[in-house]
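Enquirer: One structure is given below, represented as structure tokens, and several questions about it will come after.
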Amino acid sequence: MLGAVRCLSALGASVGAATALLSAGTENVPGQTLASVCFCESRNDRTNDSWRRNLGRWGGGFWQDSRWYDLQLPRLLPLANEVVKELIFALPPLTRESRVLDVGCGSGRAAELAIAAYPEADYTLVDVDEERGSMALRRLQASEGGESTRHRFVKCPLEPGSRLDLLAPAQTRGGNGKGNAFDCIIALQSIRHIVAPPAHYAQKHQLPRLTETSITPAERRELIRRRYSAMCSSLHDALVPGGHLLLGDHVTNDHPGVFEHCELMRDAGFEDVDVAWVKEGWFVVGGRAKKKIDGDVVIE
């Protein structure tokens, strides 16, 4: 009986189906519950290297492994494929003159689709994970049939308040006195990892984590909000006047929801802020850096 439930858990069966099986055959298993059956023993133990870690949905798996992450993400989070497509659909047209920054590029899922849609633009990919960045470049090279001078990877740990404009090649940096560099920034499931790195991510890259023991839940939420605010300002200041930001992610505990993302972007100076897509907690939001005003003339 327990084996049947484990198989259902591994195949992603609904809780309702598992509950029905349990109610039919667990009366002779003292102390067993749905949670203890589906996530029992060492499936969520990060020190355990058994394949059975794959059977635990929350907290299990090998998220710190780049290739495992790339393979398993669409399976464990099915809407991850849909959100990246919707982010690309929301982009404005990108031309040969467009300079694009992919913040927290990971293995290049967003960049690959962006380049397929707008191959003439110039792309800078940045991530703290060099292995994933290398995977991203190989993915782009495979899709384009070889190396290109129009996209590059920069390994860099990012923090709220970072000077993202300095990531662009010197010859593409804007000349408006503020160092604005990019015409478009995309961020897919990355900003919350920069604001509050999860355990596996922080451990792998030796990043500081927001403490959960020395502050109250309300203080933690406020700290996260302040870090989001600083991150939105960094993104805004790395754009040329009129440049665009498209951000795709999903709602999670203690982090801003869709509406609050929009409010934080407006507070940072973005205009034309709106929601492009929402589905089951996943979302794409966008905004535009304010145009530079010279008297009554808007400078594009």
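The values are calculated or read from the model by the stated rules, or taken from the named source; none is laboratory data. In this text the structure is predicted, and so the values were computed from the model without any measurement. Every residue, glycine among them, receives a Cβ derived from its backbone with ideal geometry; neighbour counts consider all protein chains shown.
One line per residue, one yes/no per condition, for (1) under 20 Å from the mean Cα position of the chain (by Cα); (2) at pLDDT 95 or above:
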position	(1), (2)
I88	yes, yes
E97	no, no
G108	yes, no
D129	yes, no
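Enquirer: List the pairs whose first member sits in the range 212-225 and is in the same structural domain as G257 (by TED's automatic domain parsing), whose second member is modelled with pLDDT under 90 and of a type in the set (K, R), and whose Cβ atoms are under 8 Å apart, counting only residues at least 6 apart or on separate chains?
Expert: E212/R220
Enquirer: Right, next: Identify, by number, the condition in (1) touching a strand residue (DSSP E or B) at 6+ places or on another chain (Cβ under 6 Å); (2) at pLDDT below 95 that R209 doesn't meet.
Expert: That leaves (1) as the condition not met.
Enquirer: Taking L125, is it in contact with a Cys (Cβ under 7 Å, 6 or more places away or on another chain), within 16 Å of H193 (Cβ to Cβ) and in the same structural domain as G287 (by TED's automatic domain parsing)? Give the derivation first.
Expert: Details: in contact with a Cys (Cβ under 7 Å, 6 or more places away or on another chain): yes; within 16 Å of H193 (Cβ to Cβ): yes; in the same structural domain as G287 (by TED's automatic domain parsing): yes.
Answer is yes for this residue.
Enquirer: Shifting gears a bit: Looking at this structure, is R52 outside the structural domain of E159 (by TED's automatic domain parsing) and modelled with pLDDT of 50 or more? Give the derivation first.
Expert: Numbers: outside the structural domain of E159 (by TED's automatic domain parsing): yes; modelled with pLDDT of 50 or more: yes.
Yes, satisfied.
Enquirer: Moving to a separate point now. Checking S190 against (1) closer than 20 Å to V240 by Cα; (2) modelled with pLDDT of 85 or more, which test does it fail?
Expert: (1)
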